[in-house]
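The values are calculated or read from the model by the stated rules, or taken from the named source; none is laboratory data. Everything numeric here is computed off the predicted structure, so don't read it as measured data. Quick reminder, even Gly has a Cβ in these numbers, built from the backbone with ideal geometry, and neighbours come from all protein chains shown.
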Amino acid sequence: MSSTAPASVIHDIGYKPYNGPRLGRAQIVRALYVHSMRSVFGLGRGPKAKIVPWFVIAIMMVPAALNVYAASTNREPVLSYAAMGYDLMLFAVLFVAIAAPELVSRDLRHHTLPLYFSRPLRRGDYPLAKLLALFTSLLVVELLPVLVTFVGQVASAKSGHQIWLDTRDAFPAVFVAFFQSALFSSVSLLMASATGRRVIATGAIAIFFLVTTAIGHVFSDALGRTWAEHTVSCTEPIVGKNSGAQNLFGFGGGQNGPPTGVVDRLCAGVDPRNDDIEQINGQPDPNRPGYADLTIQYQSPVYSTVAKVGGMLNPVNIVEGTRIWLFDATDGQIPNPSPLGPVYGAETIVLLAAASGGLFLRYRKVSVS
Amino acid sequence: MTRATLAYLPGVSDNEQSIIEATALTMRYPGGVTALGDLTLAVRPGITGLVGANGAGKSTLIKILLGLLTPTSGAVRVLGLDARRQGELIRARVGYMPEHDCLPADVTATEFVTHLGRMSGLPSTAAKEQAAEALRHVGLHEERYRQIGTFSTGMKQRVKLAQALVGDPGLLLLDEPTNGLDPAGRDSMLSLIHRIGTEFGIAVVVASHLLSEIERICDHLVAIEGGRLLRAASLDSMTQALPWLAVEVDEGLDLLEARLTERGLTVSPQPTRRQLLVRLDGDPVFDTVRDTVADLELPLTRLEHRRHHVEELFADALSESSAQEALL
């Protein structure tokens with residue numbers, strides 16, 4: 001063989017034993033975690049591997065950039081914090097549908113796993129590193145628009161109190177991003193670890209998320225809805241960032257109706273986009289200068305039990321329902337699950353545990369040689 | 001060749017120490033299949049051939065040595081470490097080359113070996129250096145930035161060897177390293193392994209079902225069949241003991257045998273071939289045989305210095321057990 005001759009020449013340089021440091025198992029897991037995260041974003045891989053993750057990041061930045069622009073020109077955000085996770089869900093699905101097979105299907109396809117398990121790693125370390133890598137990557141991608149919007153809001157905020165209100169608004173978005181990332185990454189990795197064929201894994205993940213979303217959507221209006229009347233009163237500081245005091249009491253007559261952000265900030269939890277606001281009355285509080293007494297009358301929809309149960313088929317809806325339940329939100333993207341809220345919450349935890357548990361079980365059984 | 005780096009490993013202080021020590025090792029799978037039965041063996045530094053047919057228990061033994069399977073009973077130590085409890089430490093110091101294909105096609109050889117170096121516990125920079133070294137040693141220095149998918153079978157086998165070699169292991173476990181190679185590729189792979197075992201001073205265990213292939217690079221041979229040890233021996237002692245002198249005479253075989261035995265030689269008659277095998281204990285044997293034949297005035301037709309093929313030594317044991325297997 002032609003390679004024999006040069007090999008013997010090269011050999012003359014000699015063999016040098018390695019006497020440097022050797023890292024422990026924990027650091028090896030960390031190295032695998034970092035390596036996996038890099039491969040999710042296509043770093044260190046060819047240009048093709050970068051297309052989808054960076055496309056998703058770019059798409060996620062569009063509403064965030066518009067939000068910053070809106071904040072700087074005193075307009076309402078294009079996409080509210082609460083709606084971000086739900087409305088950008090499609091891109092999160094696209095992200096994991098490509099990333100999960102990249103992380104686990106490749107090693108199955110090329111039978112690389114014996115090379116990992118003949119090294120210090122234990123069976124659970126491999127799925128742990130992969131799961132954490134996909135979870136963190138997706139979390140970063142989902143938090144990006146939240147963070148950019150927040151920075152934009154803070155930069156154009158006129159008072160410390162407004163920053164606090166904005167922080168309070170952003171928190172549910174962080175919650176949704178966290179649980180959506182956890183559920184998406186564990187479910188998609190479990191599905192991808194079932195096959196070594198990336199195309200099939202990608203298709204299965206996309207179909208699972210999209211079909212269950214569609215089903216949830218069909219159910220959300222099932223059996224129609226009725227309306228409940230509500231009246232909310234509150235005393236809130238006059239801090240309309242996009243209005244100033246003169247706009248605060250001007251609403252109700254404008255052609256666009258009440259600016260939603262103002263109402264959100266004045267009576268937290270009331271969202272006129274979902275709820276029909278009938279009337280808003282307000283006047284400066286006589287006892288507290290700088291504060292206003294507000295009374296808001298609105299209607300909220302009451303959904304059928306079928307609609308509430310229908311949302312439980314889909315990871316996105318489960319997280320959204322949990323958010324509505326935990327934060328008592330009225331700006332939900334799906335029917336308010338009340339009184340099934342705790343069921344949504346429990347399902348989030350159970351699905352998360354089942355998907356990650358299944359993933360670890362999968363790698364306990366994988367063959368070594 | 002002894003290597004200083006081995007010295008820091010507990011229990012491995014010098015050349016005489018066993019790299020692998022298995023005592024009464026038994027492995028029964030839950031289904032009731034006995035993969036290894038009461039296997040006791042010791043592997044010393046150097047190159048050891050692990051020979052056995054497919055299904056003889058080679059892979060099971062390798063998994064136990066790597067601490068990936070817990071034996072049903074028995075003790076096993078690798079590099080002085082207990083494989084039952086210290087698998088992690090063993091795996092950090094043992095390079096394993098699997099039998100089957102295990103390489104991704106769409107990464108370069110350097111990236112792949114570097115990553116696996118990190119998985120062996122090398123820090124980032126060291127992993128890059130050691131990967132370059134390992135690829136150089138297997139003769140892929142020029143091709144290291146090429147994608148593995150573009151490699152020939154021989155080159156892929158070398159990448160598999162390089163990933164086992166990265167990070168200077170104390171022991172290499174090679175499972176059928178010549179699988180799928182043409183004769184030339186086989187020769188160069190074997191000489192590569194030989195160099196690793198002798199000049200690099202790394203202990204090597206080569207599992208193979210082809211004894212004839214690995215015998216020429218091994219210092220020791222271990223044959224297993226049906227999970228049991230058939231034979232373990234140092235190839236040196238075998239080849240030392242092997243040389244016999246075949247004496248073929250047309251007549252007077254019995255007479256010659258009696259006379260040679262009288263003179264204190266070890267003689268093994270082979271009447272079917274009209275031959276006597278005389279063990280070559282030293283140079284004077286030649287003279288004694290010559291003189292005896294001359295004294296007896298026997299018609300000498302052949303005087304042959306015979307060297308047993310190692311395979312012949314194993315052949316009896318192997319055929320015996322496969323005959324048993326056939327009966328089952």
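One line per residue, one yes/no per condition, for (1) of a type in the set (A, V, I, L, M, F, W, C); (2) in a helix (DSSP H, G or I); (3) farther than 22 Å from A:V154 by Cα:
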residue	(1), (2), (3)
A:V62	yes, yes, no
A:Y69	no, yes, no
A:A83	yes, yes, no
A:L90	yes, yes, yes
A:F95	yes, yes, yes
A:E102	no, yes, yes
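In segment B:240-247, is there at least one residue being surrounded by fewer than 24 Cβ atoms within 10 Å (Cβ to Cβ), in contact with a strand residue (DSSP E or B) (Cβ under 8 Å, 6 or more places away or on another chain) and among the aromatic types (F, W, Y)?
The answer is yes, given that some residue of segment B:240-247 is surrounded by fewer than 24 Cβ atoms within 10 Å (Cβ to Cβ), in contact with a strand residue (DSSP E or B) (Cβ under 8 Å, 6 or more places away or on another chain) and among the aromatic types (F, W, Y).
Counting only residues that are in a loop (DSSP other than H, G, I, E, B), more than 8 Å from every other protein chain (Cβ to nearest Cβ) and surrounded by 17 or more Cβ atoms within 10 Å (Cβ to Cβ), which one in segment A:7-60 is modelled with the highest pLDDT?
Filtering segment A:7-60 for residues that are in a loop (DSSP other than H, G, I, E, B), more than 8 Å from every other protein chain (Cβ to nearest Cβ) and surrounded by 17 or more Cβ atoms within 10 Å (Cβ to Cβ), the one modelled with the highest pLDDT comes out as A:F41.
Is it true that some residue in segment B:57-64 is without any contact (Cβ under 8 Å) to a residue 60 or more places away in the chain and in the same structural domain as B:E99 (by TED's automatic domain parsing)? I'd like the intermediate steps shown before the answer.
Applying the first criterion (without any contact (Cβ under 8 Å) to a residue 60 or more places away in the chain) to segment B:57-64 yields B:63-64.
Pick out the ones that are also in the same structural domain as B:E99 (by TED's automatic domain parsing) and you get B:63-64.
Checked against the condition, which is being without any contact (Cβ under 8 Å) to a residue 60 or more places away in the chain and in the same structural domain as B:E99 (by TED's automatic domain parsing), segment B:57-64 yields at least one hit.
Quick one: which of B:R44, B:R77, B:R93 is under 20 Å from the mean Cα position of the chain (by Cα), at pLDDT below 90 and under 25 Å from B:L165 (Cβ atoms)?
Working: B:R77 fails: at pLDDT below 90; B:R93 fails: at pLDDT below 90.
The unique qualifying residue is B:R44.
Is there any pair with a first residue in segment B:120-132 that is at the interface with chain A (Cβ under 9 Å from one of its Cβ atoms) and a second that is of a type in the set (S, T, N, Q) whose Cβ atoms are under 6 Å apart and which are 6 or more apart or on different chains, and what are they?
So the pair list comes out as B:L122/B:Q130; B:A127/B:T114.
Out of (1) under 23 Å from B:A203 (Cβ atoms); (2) buried (at least 24 other Cβ atoms within 10 Å of the Cβ); (3) facing another protein chain (nearest Cβ under 9 Å); (4) without any contact (Cβ under 8 Å) to a residue 40 or more places away in the chain, the odd one out for B:G167 is which?
(4)
Identify all residues within segment A:169-191 that are farther than 13 Å from A:F327 by Cβ and either touching an Asp or Glu at 6+ places or on another chain (Cβ under 7 Å) or of a type in the set (A, V, I, L, M) (or both); write none if there are none. Break it down stepwise before answering.
First, the residues of segment A:169-191 that are farther than 13 Å from A:F327 by Cβ: A:177-178, A:180-191.
Residues satisfying the conditions are A:A177, A:Q180, A:S181, A:A182, A:L183, A:V187, A:L189, A:L190, A:M191.
Based on what the data block shows, is B:L65 at the interface with chain A (Cβ under 7 Å from one of its Cβ atoms) and buried (at least 23 other Cβ atoms within 10 Å of the Cβ)? Let's see the steps before the verdict.
On the way: at the interface with chain A (Cβ under 7 Å from one of its Cβ atoms): no; buried (at least 23 other Cβ atoms within 10 Å of the Cβ): yes.
Spelling it out, it is not the case that B:L65 is at the interface with chain A (Cβ under 7 Å from one of its Cβ atoms) and buried (at least 23 other Cβ atoms within 10 Å of the Cβ).
Report, by residue number, each residue of segment B:120-142 that is within 13 Å of B:A164 (Cβ to Cβ), hydrophobic (A, V, I, L, M, F, W, C) and part of a loop (DSSP other than H, G, I, E, B).
B:V138
Within segment A:99-106, is there a residue that is at negative phi, among the aliphatic types (A, V, I, L, M) and away from every other protein chain (no Cβ under 14 Å)?
Yes, some residue in segment A:99-106 is at negative phi, among the aliphatic types (A, V, I, L, M) and away from every other protein chain (no Cβ under 14 Å).
Suppose we keep only residues that are surrounded by 19 or more Cβ atoms within 10 Å (Cβ to Cβ) and touching a His at 6+ places or on another chain (Cβ under 9 Å) within segment B:104-118. Which one would you say is nearest to the other protein chains (Cβ to nearest Cβ)?
Checked segment B:104-118; the qualifying residue nearest to the other protein chains (Cβ to nearest Cβ) is B:R118.
Taking the condition of being without any contact (Cβ under 8 Å) to a residue 40 or more places away in the chain and buried (at least 19 other Cβ atoms within 10 Å of the Cβ), how many residues in segment B:76-103 meet it?
Looking only at that region, the number is 6.
Is segment B:272-280 home to any residue that is modelled with pLDDT of 85 or more, touching a strand residue (DSSP E or B) at 6+ places or on another chain (Cβ under 6 Å) and not assigned by TED's automatic domain parsing to the domain that holds B:G52? Quick ask: steps written out before the conclusion?
Step one: of segment B:272-280, the residues modelled with pLDDT of 85 or more are none.
The answer is no; no qualifying residue exists.
Would you please name the residue that is farthest from B:G201 (Cα to Cα), looking only at residues in segment B:174-185 that are more than 8 Å from every other protein chain (Cβ to nearest Cβ) and in contact with a helix residue (DSSP H, G or I) (Cβ under 7 Å, 6 or more places away or on another chain)? Can you show your working first?
Let us first name the residues in segment B:174-185 that are more than 8 Å from every other protein chain (Cβ to nearest Cβ), namely B:174, B:176-183.
Then keep just the ones that are in contact with a helix residue (DSSP H, G or I) (Cβ under 7 Å, 6 or more places away or on another chain); that gives B:174, B:177-178, B:180-181.
Working: B:L174: 16, B:P177: 19, B:T178: 21, B:G180: 27, B:L181: 25 Å.
Among them, the one singled out is B:G180.
If you take the residues of segment B:161-208 that are touching a Pro at 6+ places or on another chain (Cβ under 7 Å) and charged (D, E, K, R), which of them is modelled with the highest pLDDT?
Of all residues in segment B:161-208, those touching a Pro at 6+ places or on another chain (Cβ under 7 Å) come to B:161, B:168, B:175, B:189, B:193, B:202-203, B:206.
When the remaining residues are screened for being charged (D, E, K, R), the result is B:168, B:175.
Values: B:D168: 89, B:D175: 92.
So the residue we want is B:D175.
Can you tell me how many residues in segment B:83-99 are part of a loop (DSSP other than H, G, I, E, B) and more than 8 Å from chain A (Cβ to nearest Cβ)? Give the derivation first.
Filtering segment B:83-99 for residues part of a loop (DSSP other than H, G, I, E, B) gives B:83-86, B:98-99.
When the remaining residues are screened for being more than 8 Å from chain A (Cβ to nearest Cβ), the result is B:83-86.
Residues meeting the conditions: 4.
Quick one: in segment A:130-149, of everything that is under 13 Å from A:A182 (Cβ atoms) and among the polar types (S, T, N, Q), which residue is surrounded by the most Cβ atoms within 10 Å (Cβ to Cβ)?
It comes out as A:S137.
Just the residues that are polar (S, T, N, Q) and either touching a strand residue (DSSP E or B) at 6+ places or on another chain (Cβ under 9 Å) or at pLDDT 90 or above (or both), please, taken from segment A:325-355. Spell out the reasoning first.
Looking only at segment A:325-355, we keep the residues that are polar (S, T, N, Q), and these are A:330, A:333, A:336, A:338, A:348.
Listed by number, the residues that qualify are A:T330, A:N336, A:T348.
Which residue, of B:E176, B:E143, is touching a residue at least 24 places away in the same chain (Cβ under 8 Å) and closer than 24 Å to B:L41 by Cβ? Write out each step before concluding.
Details: B:E143 fails: closer than 24 Å to B:L41 by Cβ.
Every option except B:E176 fails the conditions.
Which of the residues spanning segment B:143-158 are assigned to a helix (DSSP H, G or I) and either surrounded by fewer than 23 Cβ atoms within 10 Å (Cβ to Cβ) or within 10 Å of chain A (Cβ to nearest Cβ) (or both)? Quick ask: steps written out before the conclusion?
Step one: filter segment B:143-158 for residues assigned to a helix (DSSP H, G or I), giving B:148-150, B:153-158.
Of everything in segment B:143-158, those that are assigned to a helix (DSSP H, G or I) and either surrounded by fewer than 23 Cβ atoms within 10 Å (Cβ to Cβ) or within 10 Å of chain A (Cβ to nearest Cβ) (or both) turn out to be B:I148, B:G149, B:T150, B:T153, B:G154, B:M155, B:K156, B:R158.
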